[in-house]
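Mind looking over this structure? Questions follow.
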Amino acid sequence: MGSCTRGGLIGCAALVALGLIGTGLEAVRRARLSPEQRQEEDATAAAARAKAEAETTKLADSVAPRLAELRARLPSPAPAQESTCQETLPGDALVYLPVDFSFLEQFTAAGYTPKAVPDCWYRAPFFQRLTQCFPDKSYTGKRDDVALAAAARQLGETQFLAVIYPLEQRLPVLHQETKSFDSGVFEGWIVLVDARTMTPLAQTKFSTRSSANISSTRIRIRGIPLGSGPDAKLQADFIDNFWESVDHAIPRLRNRPNSKASRTD
């Protein structure tokens with residue numbers, strides 16, 4: 001342990017020394033320039049910074065309008081009938097980013113208007129992080145353009161969104177005293193969206209419940225440590241069943257029931 005610590009300290013010291021050497025060499029190089037050359041160099045650097053900042057702002061400005069465009073194209077309050085994709089989607093495996101419709105209702109032509117949206121297990125963390133980039137509900141603070149630009153890039157790399165509309169939903173409830181539980185239930189709709197054009201492609205109903213016997217169920221969801229209590233296993237079983245139902249519903253929307261689907265965060 002001691003030798004590793006010394007090695008780490010030596011490595012850190014070497015990095016600091018290299019940084020100081022680099023700074024010193026840059027200072028020497030700058031000192032050899034004429035005043036006109038330094039002025040030209042500073043102007044070029046300032047122009048590059050301004051260009052990068054303008055690109056960041058442009059990307060940040062694009063997020064809310066894109067989600068507002070999607071919100072305007074989605075059925076409200078819920079789809080009325082099922083439909084499948086009119087064109088063949090490429091690839092055997094489809095990767096989607098899930099979000100609830102209630103979250104998207106915060107985005108309109110006026111921009112992002114924060115509302116009291118309940119938390120839900122099927123909203124990708126991407127969208128939760130997204131709202132933290134905007135000023136809070138009292139419109140104080142500053143918009144985080146760097147984080148929003150990163151979100152815009154991630155959204156631009158996303159091929160499909162899965163917008164979920166709950167009609168009935170409840171998490172399972174464990175009754176310790178009777179060693180029984182009330183099943184979790186979800187019934188609702190899913191709309192598959194082309195994220196590149198924010199165009200809804202297809203929609204279908206789906207439902208899920210808790211497994212009948214949790215004690216004999218193999219818990220497949222990640223993040224549940226060995227030895228977890230029955231309530232954690234009960235919740236994990238239901239959420240795992242939920243995602244399996246989504247992953248089975250999406251291939252039906254593609255008219256390719258044997259294809260695969262998986263979510264991303």
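List every residue whose amide H lies under 5 Å from the amide H of A261, counting only residues 5 or more places away in sequence or on a different chain, with H placed 1.01 Å from N in the peptide plane.
L94
Grab every C-alpha pair in the chain, bin the distances at 5 angstrom width from 0 up to the longest one, and report whole percents.
1, 5, 9, 12, 12, 11, 10, 9, 7, 7, 6, 5, 3, 2, 1, 0, 0, 0
While we're looking at this one, here's another question. Output ³J(HN,Hα) for the stretch 41-58: one whole-Hz value per residue in order, computed from phi by the Karplus curve 6.51 cos²θ - 1.76 cosθ + 1.60 with θ = phi - 60°, and x for Gly and Pro.
Coupling constants for the stretch 41-58: 5, 5, 5, 5, 5, 5, 5, 5, 5, 4, 5, 5, 5, 5, 5, 4, 5, 4 Hz.
Right, here's the next one. What residue among R73, R38, R153 shows peak mean-square fluctuation when the chain is described by a Gaussian network model with Cα springs under 10 Å?
R38
Subtracting the Cα-Cα distance from 0.36 nm times the residue separation, let me have the gained length for A50 to A150 in nm, one decimal.
Contour length minus Cα-Cα distance gives 34.2 nm.
Still on this model: Roughly what would the spin-label model give for L171 and T84, points 7 Å off Cα along C-beta, in nm?
Going from the L171 label point to the T84 one covers 3.6 nm.
Using a simple charge model, +1 on the beta-carbon of Lys and Arg, -1 on the beta-carbon of Asp and Glu, nothing else, what dipole does the chain show about its Cα centre, in debye to the nearest 20? Can you show the working numbers first?
Values: 32 positive and 30 negative charges, 78 e Å.
Roughly 380 debye for the chain.
Tilt of helix 145-157 relative to the longest C-alpha principal axis of the chain, in degrees (0 to 90, nearest 10)?
Taking Cα atoms only, the helix is inclined about 50 degrees.
Quick one: which of K58/K115; K51/K260; K142/K260; K58/K205; K233/K260 span more than 30 angstrom between C-alpha atoms?
On the way: K58/K115 25 Å; K51/K260 42 Å; K142/K260 41 Å; K58/K205 37 Å; K233/K260 26 Å.
From the list (K58/K115; K51/K260; K142/K260; K58/K205; K233/K260), the Cα-Cα distance tops 30 Å for K51/K260; K142/K260; K58/K205.
Residues with amide H under 5 Å of S210's amide H, sequence separation 5 or more or different chain, H placed in the peptide plane at 1.01 Å from N; which?
G184
Which value in deg cm²/dmol, rounded to the nearest 500, describes the helix-derived mean residue ellipticity at 222 nm for the chain, given -39,500 (n - 2.57) per DSSP H run of n ≥ 4 and division by the residue count? Please report the intermediate quantities before stating the final value.
Values: 6 runs with 117 residues, N = 265.
So the helix-based figure for the chain works out to -15000 deg cm²/dmol.
Still on this structure, I have one more. Keeping all protein chains in place and using 1.4 angstrom, which order do C133, C12 fall into by accessible surface area, from largest down?
Values: C133 10, C12 80 Å².
So, going from the largest accessible area down, we get C12, C133.
Per residue, how many Å² of accessible area does the stretch 121-198 show with a 1.4 Å probe?
51 Å²
In whole percent, how big is the carbon plus sulfur part of the accessible area of the chain, probe 1.4 Å, protein atoms only? Present the calculation step by step, with values, prior to reporting the outcome.
Numbers: 8750 of 15760 Å².
Carbon and sulfur: 55 percent of the exposed surface of the chain.
The values are calculated or read from the model by the stated rules, or taken from the named source; none is laboratory data. This structure is a prediction, so every number in the text was calculated from the model and none was measured. Backbone-built Cβ (ideal geometry, glycine too); neighbour counts: all protein chains shown. The area values use the complete protein model at the heavy-atom level, side chains included, leaving out ligands, DNA and RNA. Shrake-Rupley method; radii C 1.70, N 1.55, O 1.52, S 1.80 Å.
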